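The values are calculated or read from the model by the stated rules, or taken from the named source; none is laboratory data. All values derive from a computational prediction rather than experimental measurement. Here the Cβ positions follow ideal geometry from the backbone for every residue, glycine too, while neighbour counts run over all protein chains shown. Side chains included, ligands, DNA and RNA excluded: accessible areas come from the protein's heavy atoms. Shrake-Rupley method; radii C 1.70, N 1.55, O 1.52, S 1.80 Å.
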Amino acid sequence: YLRDEETGDFWTPTPLPLGPKAPVTVRHGQGYTRYTHVSSDLNQELLVFVPTDEPIKLVCLTVRNDGDRPRRLSATYYAEWVLGTVRENAPLQVVCECDPESGAILARNAWAGDFAKKIAFAASGSPTQSVTADRTEFLGEHGSVSTPAALKRVGLSGRGGPGLDPCGAITTEMTLAPGEAREVIFALGQADRLEEVHRLISEYTQCHRAVAALTQVQE
């Protein structure tokens, strides 16, 4: 999700769940998908792909301010944990926590059989402003991904721990001068150890490493 921090308007750079009024061009390549569109004087591109040899998905958002005034925006990545067979079991099985070292949301499922000891994670390469692992907080009591309640408020609570309907929501802010472009890389993955989680986040949320990984996918 993208939100204009001055007006409070929010939307997704993809057609669903809350696409902009302007047309979105979707291009599928060998191993990647790219969404592009222009709205509200913002040129937006979202690139999604998985490196060929690592258990991580990269979501690369690039925004350029084509207007004549500075823009203050926030970008929010949202994922619903399953870590099993059906999402309805997640509130009883998945436990999340916020990792102080990386700023990531970590998720584990002790009932996941051969995968029980693995650590799933959602993270951002930019300084993270706020996070939550509480799906009810993010969507609202009767909300949905098309109208998340959290995007009508300032900041996320940082809530984690057992007993939640789990999710991974991460918000980071950016200020763009006229003509300036910024890239934010979000990552979703799973690893055997916390040290491996930290390596994947540190390595693949760097712009140059993401470009190299995309080139490898395309080849």
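Taking K and R as +1 and D and E as -1, what net charge do the other residues with C-beta under 11 Å from the C-beta of THR7 add up to?
-1
Once you treat every alpha carbon in segment 8-121 as an equal point and sum by Debye, what is log10 I(q)/I(0) at q = 0.19, 0.23 Å⁻¹?
-1.12, -1.26
Rounded to the nearest 500, what is the chain's calculated 222 nm mean residue ellipticity when only DSSP H runs of at least 4 contribute -39500 (n - 2.57) each, over all residues?
Dividing the helical sum by the residues of the chain leaves -4000 deg cm²/dmol.
Let's test the formula: R0 of 30 Å, r as the Cβ-Cβ distance of THR36 and HIS142. What FRET efficiency results, to the nearest 0.05?
0.35
Given the Cα-Cα distance of ALA22 and ASP4 and 0.36 nm per residue of separation, how much length would full extension add, in nm?
Additional length available on full extension: 4.9 nm.
Dipole magnitude of the chain about its Cα centre, charges +1 at Lys/Arg Cβ and -1 at Asp/Glu Cβ only, in debye to the nearest 20?
240
Expected output is a single nm value to one decimal: the length gained when fully extending between ARG209 and ARG193, i.e. 0.36 nm times separation in residues minus the C-alpha distance. What is it?
Length gained between ARG209 and ARG193: 3.6 nm.
Specify the angular offset, from 0 to 90 degrees and rounded to the nearest 10, of the alpha carbon long axis of helix 194-204 from the longest principal axis of the alpha carbons in the chain.
Roughly 20 degrees, rounded to the nearest 10.
When the dipole is taken about the Cα centre of segment 91-219, and only Lys, Arg (+1) and Asp, Glu (-1) are charged at their Cβ, what size is it in debye, to the nearest 20?
For this selection, approximately 160 debye.
Using 1/(1 + (r/R0)^6) with R0 = 35 angstrom and r between the beta carbons of ASP66 and SER157, what's the FRET efficiency to the nearest 0.05?
Working from the Cβ atoms, E equals 0.55.
With every protein chain left in place, what is the accessible area per residue of segment 19-176 in square angstrom, probe 1.4 Å?
Result: 48 Å² per residue.
Near GLY29, within a Cβ-to-Cβ distance under 14 Å, what is the net charge of the other residues, with Lys and Arg +1 and Asp and Glu -1?
0
Out of segment 1-97, which GluC sites (Glu not before Pro) are coil in DSSP terms and have no more than 12 other C-beta atoms within 10 Å?
Of the GluC sites (Glu not before Pro), the ones in loops of segment 1-97 whose Cβ has at most 12 other Cβ atoms within 10 Å are GLU6.
Between ALA149 and GLU219, what's the calculated FRET efficiency when r is the beta-carbon distance and R0 is 35 Å? Round to 0.05.
About 0.20, to the nearest 0.05.
Which is farthest toward the positive dipole end of segment 60-219 among SER102, PRO166, SER130, measuring Cα position about the Cα centre, with Cβ charges +1 (Lys, Arg) and -1 (Asp, Glu)?
Positive-end residue among those listed: SER130.
Over the chain, with every protein chain in place, what whole percent of the accessible area is carbon and sulfur at 1.4 Å, could you tell me?
The computed percentage sits at 51.
Tell me the angle of helix 207-218 to the major Cα principal axis of the chain, expressed in degrees between 0 and 90 and rounded to the nearest ten.
80
Counting other Cβ atoms within 10 Å of each Cβ, which trypsin sites (Lys or Arg not before Pro) in segment 98-138 have at most 13 and sit in a DSSP loop?
Sites meeting the loop and neighbour criteria: LYS117.
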